[in-house]
1. Restricting to the stretch 137-176, name every residue that is over 17 Å from SER118 (Cα atoms), assigned to a helix (DSSP H, G or I) and of a type outside the set (A, V, I, L, M).
2. Output the qualifying pairs, or none if there are none: Cβ atoms under 6 angstrom, residues six or more apart or on different chains, first residue in the stretch 51-69 and touching a residue at least 60 places away in the same chain (Cβ under 8 Å) and under 12 Å from SER245 (Cβ atoms), second residue aromatic (Phe, Trp, Tyr) and assigned to a loop (DSSP other than H, G, I, E, B).
3. Considering each residue of the stretch 95-108, count those that are of a type outside the set (Phe, Trp, Tyr) and surrounded by fewer than 17 Cβ atoms within 10 Å (Cβ to Cβ), and give that number.
4. Filter the stretch 61-92 for residues that are among the polar types (S, T, N, Q) and over 22 Å from PRO198 (Cα atoms) and give the result.
5. Being of a type in the set (A, V, I, L, M, F, W, C), in contact (Cβ under 8 Å) with a residue 40 or more places away in the chain and surrounded by fewer than 17 Cβ atoms within 10 Å (Cβ to Cβ) narrows it down to one residue among LEU212, LEU220, LEU192; which is it?
6. State whether the residues of the stretch 149-157 include one that is among the hydrophobic types (A, V, I, L, M, F, W, C) and free of Cβ contacts under 8 Å to residues at least 12 places away in the same chain.
7. So which helices (runs of 4 or more DSSP H) are wholly in the stretch 184-284 and hold at least 3 residues that are of a type outside the set (Asp, Glu) and closer than 30 Å to PHE104 by Cβ?
8. Among the residues of the stretch 28-49, write down those that are free of Cβ contacts under 8 Å to residues at least 12 places away in the same chain and more than 19 Å from VAL211 (Cα to Cα).
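The values are calculated or read from the model by the stated rules, or taken from the named source; none is laboratory data. Given the structure is predicted, the values throughout are model-derived calculations rather than measurements. A quick note on method: Cβ atoms are made from the backbone with ideal geometry, for glycine too, and the neighbour counts reach across all protein chains shown.
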Amino acid sequence: MVHSASIARTIRSQPLASLGIALLAFFVLCAVFAPWLAPHDPNQLNLDGRLLRPGLGHWFGTDELGRDILSRTLYGARISLTVAISVVALSLAIGVVAGGLAGFYGGITDAIVNDYLSNAFLALPGILLAIAFVAFLGPGLFNLILALAISGWVGYARLVRAQVMTVKGREFVEAARALGASDARILGRHILPNILQPLIVQAAIGMAGAVLAEATLSFLGLGIAAPAASWGSMLNDGRSHLFESPHLVFFPAVAVMLCVLSFNFIGDALRDLLDPRTRLSAGL
């Protein structure tokens, strides 16, 4: 069990963990309070103020349509965090069910999930699979989340399968089975709580990948439909003005980089905090 003292020592021993938490808290605040923090309407056009450089009136400048880049960057945090949380939650739900059944029952169930379904999805790179799904379903927030979840559940399923196969033969599981517990109760009440630690770490790192994947698809025009503000679509809009107005690309690119780094830093800290061998070697 992880105590608050262990958490405090981990944060003190890993400055990057504190930085990751601070960055994530900053992006969450930006996403939640975007309507109050944004100095302008993110979709308001001002053709007389096109491609303005950063200044007092527009701290991050304006884009080719005169829209305020700071406001669009703040609203872009909403989309990125929504996609990250939704994709990981849906991928994790599919992976827990599929991997749990495969690892618990084995046999034909394991062969179908692990040998056929997982290998079929792993045969193509995840981003290409997501591009194919979005191109087929059409752009939009829901379709984007669904496409990324469909292409990302395999990693969680294989992790859950391996963990379930390790835990299902332990004494407390055999004791629950001897007392007449159903398979669903054994999986939900006895096995799943004991495999949460690696899932939490994988989910934190998976959110970083989801943010990057959303930006990639939006950059390709397959993400959130215009005129919604998205960091990837902002990068796509600014690439034609890269040399004369580099601020169009700089600010959304920095936002993507910092958001991805925050999840990676937190994932590394959680791995060190939740791994007993790491805690013992570090004296935590």
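1. PHE142, ASN143, THR166, GLU171, PHE172, GLU174
2. Within 6 Å, the pairs are PRO54/PHE60; ILE69/PHE60.
3. 4
4. Within the stretch 61-92, the subset among the polar types (S, T, N, Q) is 62, 71, 73, 80, 82, 86, 91.
Answer for the stretch 61-92, where residues must be among the polar types (S, T, N, Q) and over 22 Å from PRO198 (Cα atoms): THR62, SER71, THR73, SER80, THR82.
5. LEU220
6. Checked the stretch 149-157: no residue is among the hydrophobic types (A, V, I, L, M, F, W, C) and free of Cβ contacts under 8 Å to residues at least 12 places away in the same chain.
7. Where helices (runs of 4 or more DSSP H) fall fully within the stretch 184-284 and carry at least 3 residues being of a type outside the set (Asp, Glu) and closer than 30 Å to PHE104 by Cβ, they are 196-219, 247-274, 276-282.
8. PHE33, PRO35, TRP36
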